[in-house]
Every structure is written in C-alpha cells, then in structure tokens.
Amino acid sequence: MRLAELARTIREGELSPVEVVRDCLERIEARADLGAFITVTGERAVERAEAQDALRARGGAPSAREPLWGVPLADKDLVARAGVRTTYGSRGFADFVPEHSDPSAEAIDRTGAISVGKTNTPEFGMTGYTENAIAPPARNPWQPATGAGGSSGGAAVAVSARLLPAAPASDGGGSIRIPAATVGVVGLKPSRGRLPFANGLGSPGGLSVAGPIARSAEDAALLLDALAGGPYSYATRAPGTGDGHDSLVAAARSDAPPMRVGATLATPWDGWTDTALDPRALAAYERAIGMLGSAGHGVEEAGWRPRGYPEMFTTIWRASAAAIPVPDDELDARLEPFTAWLVREGRSLRTEGAIRGYQDATAFERETIAALSPFDAVLTPALALAPQQVGWHAEAATPLGNFERQCMYAPHTSFVNVCGLPAITVPIGDPDAPGERPWSVQLVGRPGGEAAIVALAAQLESARGPLPAPPGS
C-alpha cells in the first residue's frame, strides 16, 4: 500500500497503528537478506503504536499536524535518535547510542509516524554505494547480486521491496536519487534550505539535504510536505518556503501547466572520466522527452556546458571528510580503507585550498543557475550505467579509481547539490521489457521549484502507467 493510502486508512480507523507496524516488522524480517536495515527497533516501535491505539480507544484522535500518524517509517543510520544505536555505517561507532535526536528524527516524530529502525548506509554516507563493514550490503531487490546504490541504499531498498511505504533519506551528491533510480522508485532531493538537516557530519558547503524516497511522486510530495511542517531554526531558507508553503501534494495531483523543459546529456565530469551512457538509459531519456512533448511541454536542448567542475568537487568532497570524528592515529583501526584515505586527503588540504574550493563551488552555482534559468525544469538521465555487482566499486585498484567508478555510474547528480537545486528521479519503464527493472530520468528544478518538477514527474508516471514490483515483493 502506498503512503497516501496507508496514512488515510490508519487515520480513518480502517487499520490500527499496531497491526500496521507488526506487518511492517514481519516484512523486514522476511527480507533481511536485502540488507535494508542496520538496526530494527521493533519493541520500541510497537510500544509507540500501542500508545497511539490507546489514545484512539480513549476517544482521542491524531492531530491535523500529524499527517502520517501511525505510519511506519525509519531513520537513515546517519541520523541520531536518542536512545537508539546510531552507527553512521561505521564499525568505529558500532556501539554509539546518542543522548539527543537530530532534527531529521524529530521531524519524523512530529508527523506522527513511527520509526521502526535505522536503514543501511555506507560509512558516514561518503559513497554512492551502500556497502560497509558493520552490516551486510544493501542489495537491489530486482537482482540481489547487484548493489542498491547509495548512500541512502537501505532506504531505497526498503521502499522498493515494500518493507516501508516511503522512507526519509539524505542526499549530499546524489544519495537519494542514485539508489532510488537503481531500484526503480522515486527519489526527491529538495532545495537547499527547505528542510532542517543534521546528521553525523552536518552539511559542509550546504551539499547535504534531507528528503524522501517513495513509490510515486505524490507519496514523495506527501512525505516532504509532512517533514517540512515543523519549526525551522536556520537563517537560510529555500525560495517560496515557510510556514505557509504551497502543498507539493497538490502539485502532484494537478495537471502541470505547459512548461519549458531543457534536456541535456552533458555532465560536469565529461572529459575527466568515462561517462558513456548505457543505451537503455538513453532510451528512457528519449521516451521521457516524447512523453513531455505529448503532454504539451516545450522540450529543447539546454545547451549547458559546465566548466571546472571535477577539481572543485573533488576538493570540497575531500574537505567534507576531514571532520569525521576519528583521530589520525586511529583511522586505520576504526574506519574502512576508503574512508580513511578520504579523511587523510581532506586533512592534508591547506586551508586556502579548501576555501578556494568552496568559493569555486559558489561560482559554479551562480553560473549553472544562470545558464539553466530559461527553463522551468531540466531533464537528464538519472544513471549512466546499469546496477553493478556488489563489490564493483571496491575492486578498483586505488581509492581514486573507486571514486571515478562512482562518477561513471552517476555523473548527473552531484552538480545539483553544489547548486542547491531541487531534483527528482522517476522510473520510466520500457514497454518492450515490462517485467524488468525500470530505468529512470532526473528532473532538475529552479531554486525552490519543487512544485514544477513534482508535477512533471507525476505526469510522466501517468503517461508511463503502472510498473511491476520487484520479484518477491
């Protein structure tokens, strides 16, 4: 059952929080082989559900400010929840139990939802694949020998395999959109400043944001609306947001007005690494162009030619790892080799070099937003390659080779984070391969332009029609 329908049935009393949570926990246990969760907090979740059932038995009712009352969700294991083991995907923090919750966990609780545990993530969320030393890898439900992408791989698997109706996640370079596209669900990265955000590393340079993974654009919009409904204690706010922000669910349910859509196959990594596009990714991109054109939108080549990106991004990516809270003399003992290398790289940067990297990122943001400003949305492929075998990234000869493979797999995502723009990935499907994992496309919006891309994504879903579930789901 999708999120919107499940929330309605619980609110109207057709299902109780306890029976929904127990069913969810049974599904999670039955598909433990997929590696969606690092920690399951079943007893804690049932206790919260029982309290909600008791409230209803006393004649109480969920508040209007609790749109997801009784719905089972989960925290990505980069998000601290008071009293619950929070590992950050690292064996160096295997036994860490925080005393205080991060804003992302508090936002889930305010919606009335029930956290059932912690979804799988790579160590400190630093990679675009979900394989770590503390838990089994997150596996693609469509083909379990392949990985689920990252860093929100566990959240995406849980949604795709029907373990959860939707899942909160986070995205610092594609970490919502990459796994969502890998396993054939919707991933929505909001604009910088739409949701409160904090996790184990915070958000250096404003790259990381919280956002939803769901099985439809409407469900993603519903979860984002719900999470955005609480207090916001930061000075920076995305355009068009606030206590009275427009409903994204309404945008998903309405007919999108004619829009000007730019389309591009260009990536900021062109010339730095091999960004050859799988023919099936190209076919999905071309089908999406046709669907948007048939819906009355004007689609044209965006003409975007990014410059100077690889050196800038690799600098700020390394710098973001420098603050991982492990002393230099304990890196090899507590962290995985790739993360330890990345931390050393970050800590070896001169201060002026790191600052220049962030200055260059600001310049790239201005130039890119200006170049894409004629368009209401910009269409790109979501991924360049098919899902790869578990272990493919780590098989690279060097850590830098590992990073190059990540860029080859998903070259279209990280620039969106640098620019602070919203983006959504939506599976398109292939009419000639109706039972296979669907390939996805990405829609990038203007600053604060979530409503436009959600509406376009919903229109693509309508034109595409229903998609099959992964085997065994």
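Values quoted throughout were computed directly from the atomic coordinates according to the rules given, and no laboratory measurement underlies them. This structure is a prediction, so every number in the text was calculated from the model and none was measured. Positions of Cβ are generated from backbone atoms using ideal geometry, with glycine treated the same way; all protein chains shown enter the neighbour counts.
Can you compute the charge dipole magnitude of the chain about its Cα centre, using +1 on each Lys and Arg Cβ and -1 on each Asp and Glu Cβ, nothing else charged? Give it in debye, rounded to the nearest 20. Provide the component values of the computation, followed by the final result.
Numbers: 42 positive and 54 negative charges, 91 e Å.
Using only the charged Cβ atoms, the result is roughly 440 debye.
Of the residues Thr130, Leu227, Pro179, the one whose Cα sits farthest towards the positive end of the charge dipole of the chain is Leu227 (charges of +1 on Lys and Arg Cβ, -1 on Asp and Glu Cβ, taken about the Cα centre).
On a full-extension model of 0.36 nm per residue, what is the gain between Arg305 and Ala32, subtracting their alpha-carbon distance, rounded to one decimal in nm? Mind dumping the intermediate values first?
On the way: separation 273, 0.36 × 273 = 98.28 nm, distance 4.39 nm.
This chain segment gains 93.9 nm when fully extended.
Note on Ser462 and Arg56: with the Förster distance fixed at 35 Å, the Cβ-Cβ geometry gives a FRET efficiency of about 0.50.
With a/c under 1.5 counting as rounded, go ahead and sort the chain into rounded, prolate or oblate using the C-alpha gyration tensor (a ≥ b ≥ c being the square roots of the eigenvalues; past the cut-off, prolate if a/b is larger than b/c, else oblate). Since a/c stays below 1.5, the shape of the chain is classed as rounded.
Remark on Leu383: its backbone amide H falls under 5 Å from those of Ser440, a criterion applied only to residues 5 or more positions apart or on other chains, H modelled at 1.01 Å from N.
Relative contact order of the chain: 17 percent, from C-alpha pairs under 8 Å at least 6 residues apart in sequence. Extending 7 Å from the Cα toward the beta-carbon at both Ala323 and Ala133 defines two label points whose distance is 2.4 nm. Taking a ≥ b ≥ c as the square roots of the eigenvalues of the Cα gyration tensor, an a/c ratio of 1.5 or more together with a/b no larger than b/c marks region 305-438 as oblate. Between region 42-65 and region 431-469, the C-alpha centres lie 35 angstrom from each other. Excluding the site residues themselves, the longest part of the chain lacking any GluC sites (Glu not before Pro) in a DSSP loop with at most 16 other Cβ atoms within 10 Å is 100-394.
Annotation: amide H-H contacts under 5 Å for Val299 (H modelled 1.01 Å from N, sequence separation of 5 or more, or interchain): Val261. Of the beta bridges in region 3-464, as assigned by DSSP with both residues counted there, near 70 percent are antiparallel.
Using a cutoff of 8 angstrom between alpha carbon atoms and counting only pairs six or more residues apart, the relative contact order for region 320-421 works out to 28 percent. Residues in region 124-134 carry Karplus couplings, in order, of 6, x, 8, 10, x, 9, 10, 9, 9, 9, 10 Hz; the curve used is 6.51 cos²θ - 1.76 cosθ + 1.60 with θ = phi - 60°, and Gly or Pro positions show x. Listing Val418, Val46, Val441 from fewest to most neighbouring C-beta atoms within 10 Å gives Val46, Val418, Val441.
Reducing region 359-410 and region 66-95 to their Cα centroids gives an inter-centroid distance of 27 Å. For Leu73, the residues whose amide H sits under 5 Å from its own are Ile114, Ser115, Val116, ignoring neighbours fewer than 5 places away on the same chain, with H placed 1.01 Å from N.
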